[in-house]
Amino acid sequence: MPPDNSRETNHAHEATTPLVQLQSKDHEEILNVIDQLRSEGVSKYINLPQLIVCGDQSSGKSSVLEAISGLAFPTKDNVCTRFATELILRRAPETSVTASIHPDDDRTPVEKERIQQFKSSTVDLHQFAVIVRDAENSIGVGKDGHIFSKDVLRVEVSGPTQPHLTLVDLPGLYHAPDESQTAEGVEFVESLVLSYIQNKRSVILAVISAKSDIALQKVTAFTRKVDPNGHRTMGVITKPDTLSRGSDMEQSFLNLAGNKRVEFRLGWHVLKNRKYEERHFSLDQRRDSEAEFLASGVWASLPRSQIGIESLRPRLSAVLKDHIIAQLPGLITESQQSLEETDASLQRLGDARQTLADQRRYLLHSSEKFSGLVGYATNGVYFDPFFGDAMEDEGYERRLRAVVQNRLSDFSKTLEANGMQKRIIDDEDDDAVLEEGQVYRSVYMDEVQQRMRRSRGRELPGTFNPHIVGDLFYLQSKPWESTVMECIDMLLKDVQKAIIPIIQGVLDEKTIKGLLEYILNPGLDKIEASLRVKTKELLRPQQSGHPITYNNSFTESVQRARQEHYQRSIREKLRAFFGTKYPRFPSSENQFVFSMGNLINALGTQTADDMERFACSEAIDCMQAYYEVARKKFVDDFSNLAVEKCLLEPLAVIFCPKVVDSLADDVVENIAAEDENSKLERGRLLHKRVKLQESLLQLHRLDRHNVTGAKESPQLDDDDSLADGSEGIDGARSPTESLIPAASEEAYGPDAKPEPEPGPVRMKKSKRHPSVSYYD
């Protein structure tokens, strides 16, 4: 991109008076810390606060940046920025410019090394267009069809006229391709802009041109998409001199500047750019022209703090500083959380494992942690943080003892409610509506009577073959097998849900694959086979053979059933004897005249058919009594002999130090040997941990600046409800009012309070990370 050098002629004499009085040492240190963290790549791990400048093409964005920084941006009517440019402006006695390129993470190591060696052919403040052109050549913009890039040009500018300010300039949004811009470029620029402004810690500086209605400018839709309530956006209106005086459009943009049409919490600002015929103006001439225009017409009605470049510089500088201070608690918390996650990942990877001894040692150490957590899970000891919150699904699934206990309780209830193939209902409940699987006792007795006749042996009339009880029981207990097998399937899934997070917490991904292949999957297969064999063994007495029990509850149940049947038979015979005179209620007191002999005969009469029915009833009672005894015993036996002995106890030692010690050398190597990915991942994590530890030191040190007693600013999230100037939590003012220790009168008015002197600096150890110290 050829630079426009026509505006570089009258800049040299302008380094005379400071542009900004808002330049405390603390202010500079706050911005320097965040910039240093960003330059070291910490933004890959935590979202850092930043000021993002975005707008449509030809919105005057580059002219705004030029007016702020004094750099001669290469502007044209089409896109001028092909990549993100990070401008770091600092006040210093001497003027200097340093340019570097931060390569995109997706580039190859060779490309990264080449780009990181970038050196501009000039470091002249007024030759910024040359720096941009050199950066384009180094990045490869315009080569092989690459028009845009995700690389970042980082330009540090120091001088006596610079504010303490850091901002990121993004390529301009455009609607349609042309001879120099492709359709793919439209999507690329949109994706790049979104990737920056989606960061909830980014303050958005949306540049809006007065030459076009705001509704037609893409940047409006983009800012509303990521910041629908305008909590972290400031609008800048450019080119107001292109509006016809007294027109509806001029009034519309005046209302916009007054925060009436589109409300932003950080408000709006109005700037006048150079016109074409003013392209040779120096910055001083540009400032005078702007001041003259904004002092007349409708723009004169706006507050001085909302118009002109002279008030925008301190305003942006203060906004960025306030925003960083407000975000400090969240930054520290996020850094600590990220450091904890990194430490956990490194712990899973373990130390470097180059030798067989290292590999076996790693497995022994991992098996100890695995066995410990599995032991806690199966014994119901949940004090380890691994088990989390029992009220969350993840925490409950890890509490294996609780899951198994509840699963077996449900199994017992299911077997009690649905374990019988036919549930027998007394005939006295003939008004009840039968459900599926229910049968009246009289109907069931007919079936039993038929079965008894077809299964006769040498039993005497009125008695029954003892084997009939077993036949009836085996038929009734048929659902047990499917029910218990379903329970086994669910228990095995429960075990998987419990142990997978354990192995993920103690081993790296590559070792997990080997462990599953050589130890866990074969071990779990053996456990499952043993569990099913034991369950089949427990089911066998419930499916064949002769029922045997020495449980007293069996005889008690049979006697209780006989008594109930006998009483029911007596009532029926008395009802037949007395007829209509039989009392309707058992508690009724009536006098009857009857023959005692007739009553005795009525009660004692019993036919041969009655004897057969009696035998059927006795067999059913015995079967039901035995069923209850066998059901309870089967539930207990399955729980103790199958689940406890064949599932949970072997699970606790499936991957224990004894197992690791017995592994062959080749198996140990196949499981625990590191691949190249593991080595690279360890290196990446170690680098990340160092950067996070350093960032925590810096952020804790920076936190001492917030000594004004101001409360933490509410987060600038999309769901916040703060409007411009409204009060926050507990009556705290917005960040632009309450978190500005060194705010100048130019930026925030005459009531701004000076920053108090910082207290003594002392080193403290982090309680969460003893290896991290910070300044207090």
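We did not get these values from a lab; they are worked out from the coordinates using the rules stated. All values reported here derive from a predicted model rather than from experimental measurement. Cβ placement follows ideal geometry from the backbone for every residue including glycine, while neighbour counts extend to all protein chains displayed.
When you have a sec, figure out the Kirkwood radius of the range 234-280 from all distinct Cα pair distances and drop it here in Å to one decimal?
One over the average 1/r among Cα pairs gives 11.5 Å for the range 234-280.
Using only C-alpha atoms and all pairs of different ones, pull out the Kirkwood radius for the range 522-569 in Å with one decimal.
Working: mean 1/r = 0.0708 Å⁻¹.
Answer for the range 522-569: a Kirkwood hydrodynamic radius of 14.1 Å.
Quickly work out the residue 182-to-residue 284 label distance, labels modelled 7 Å from Cα along the C-beta direction, and quote it in nm with one decimal.
4.8 nm
May I have the extent of the alpha carbons of the range 383-472 along their three principal axes, as whole Å values ordered from largest to smallest?
Per principal axis, max minus min of the Cα coordinates gives 70, 36, 16 Å.
Could you give P(r) for the range 126-165, binned at 5 Å from zero, as whole percent values over all Cα-Cα pairs?
5, 19, 24, 19, 13, 10, 7, 3, 0
Using alpha carbons only, how many angstrom separate the centre of the range 250-314 from the centre of the range 624-703?
Taking the Cα centre of each part, the range 250-314 and the range 624-703 sit 64 Å apart.
Calculate the spin-label point distance for residue 552 paired with residue 575, positioning each point 7 Å from the Cα along the beta-carbon direction, and give it in nanometres.
It is 3.6 nm.
Just to confirm a number: summing +1 for Lys and Arg and -1 for Asp and Glu over residues other than residue 356 whose beta-carbon lies under 10 angstrom from that of residue 356, what do you get?
Numbers: positive: 353, 360, 361; negative: 358, 665, 666, 669.
Counting the neighbours of residue 356, the net charge comes to -1.
Can you give the Kirkwood hydrodynamic radius for the range 187-238, in Å, rounded to one decimal and based on Cα pairs?
One decimal place: 11.4 Å for the Kirkwood radius.
How are the C-alpha pair distances of the range 507-547 spread across 5 Å bins, as whole percents from the shortest bin up?
For the range 507-547, the binned pair fractions read 6, 21, 15, 13, 11, 10, 8, 7, 5, 3, 2 percent.
Over the Cα atoms of the range 50-334, what radius of gyration and what Dmax do you get, in Å?
For the range 50-334, the Cα radius of gyration and maximum Cα-Cα distance read 18.6, 59 Å.
Give me the percent relative contact order of the range 50-334, please, defined on Cα pairs under 8 angstrom at least 6 residues apart.
Once normalised by length, the contact order is 21 percent.
Sort the following peptides by mean Cβ neighbour count (other Cβ atoms within 10 Å, averaged over residues), highest first: 129-137, 554-562, 452-460.
On the way: 129-137: 20.9, 554-562: 14.9, 452-460: 10.6.
Highest-to-lowest ranking by the protection proxy: 129-137, 554-562, 452-460.
Suppose we look only past 22 Å in the calculated P(r) of the range 357-432. What percent of the Cα-Cα pairs does that tail hold?
53 percent
Please find the FRET efficiency linking residue 296 to residue 263, where r is the Cβ-Cβ separation and R0 is fixed at 30 Å, and quote it to the nearest 0.05.
In this case the efficiency is close to 0.65.
Just for the Cα atoms in the range 460-557, what are the lengths along the principal axes, largest first, rounded to whole Å?
Here the Cα extents, ordered largest to smallest, are 75, 23, 21 Å.
Would you tally the net charge around residue 86, using a Cβ to Cβ cut-off of less than 14 Å, leaving residue 86 out, and scoring K and R as +1, D and E as -1?
-2
Would you please give the residues with an amide H less than 5 Å from that of residue 154, counting only those at least 5 places away or on a separate chain, with H modeled from the backbone geometry?
Here 86, 100, 101, 102 satisfy the definition.
Whole-Å semi-axes of the range 142-232's equivalent ellipsoid, largest first, each the root of 5 times a Cα gyration tensor eigenvalue?
23, 21, 14
Classify the range 345-400 as rounded, prolate or oblate from the Cα gyration tensor: take a ≥ b ≥ c as the square roots of its eigenvalues, call it rounded if a/c is under 1.5, otherwise prolate when a/b beats b/c and oblate if not.
Prolate, since a/c reaches 1.5 and a/b exceeds b/c.
Return the distance in nm (one decimal) between the two label points of a simple spin-label model at residue 106 and residue 486, each offset 7 Å from Cα along Cα→Cβ.
Distance between label points: 5.1 nm.
Tally Lys and Arg at +1 and Asp and Glu at -1 over the other residues with C-beta under 13 Å from the C-beta of residue 447: what net charge comes out?
+4
Just order 575-582, 90-97, 367-374, 466-473 by mean Cβ neighbour count inside 10 Å, highest at the front, would you?
367-374, 466-473, 90-97, 575-582
Using a ≥ b ≥ c from the Cα gyration tensor of the range 379-538 (square roots of the eigenvalues), is it rounded, prolate or oblate, where a/c under 1.5 gives rounded and otherwise the larger of a/b and b/c decides, a/b for prolate?
Numbers: a/c = 4.41, a/b = 2.34, b/c = 1.89.
Note, shape of the range 379-538 comes out prolate.
Report the calculated FRET efficiency for residue 175 and residue 677 (r = Cβ-Cβ distance, R0 = 35 Å), to the nearest 0.05. If you can, show how the numbers build up before the last one.
Details: r = 43 Å, r/R0 = 1.23.
With a Förster radius of 35 Å, E is 0.20.
Which of the peptides 162-171, 185-194 is most tightly packed, and how do the rest follow, going by the mean number of other Cβ atoms within 10 Å of each residue?
The densest-packed peptide leads the list: 162-171, 185-194.
Determine by what factor the alpha-carbon radius of gyration of the range 445-516 differs from 2.2 N^0.38 Å, reporting the quotient.
Computed over Cα atoms of the range 445-516, the ratio equals 2.27.
Please give the FRET efficiency for residue 664 paired with residue 194, using the beta carbon to beta carbon distance and R0 = 51 Å, rounded to the nearest 0.05.
0.40
Does the range 324-368 come out rounded, prolate or oblate, given a ≥ b ≥ c as the square roots of the eigenvalues of its C-alpha gyration tensor, rounded meaning a/c under 1.5 and, failing that, prolate meaning a/b above b/c?
prolate
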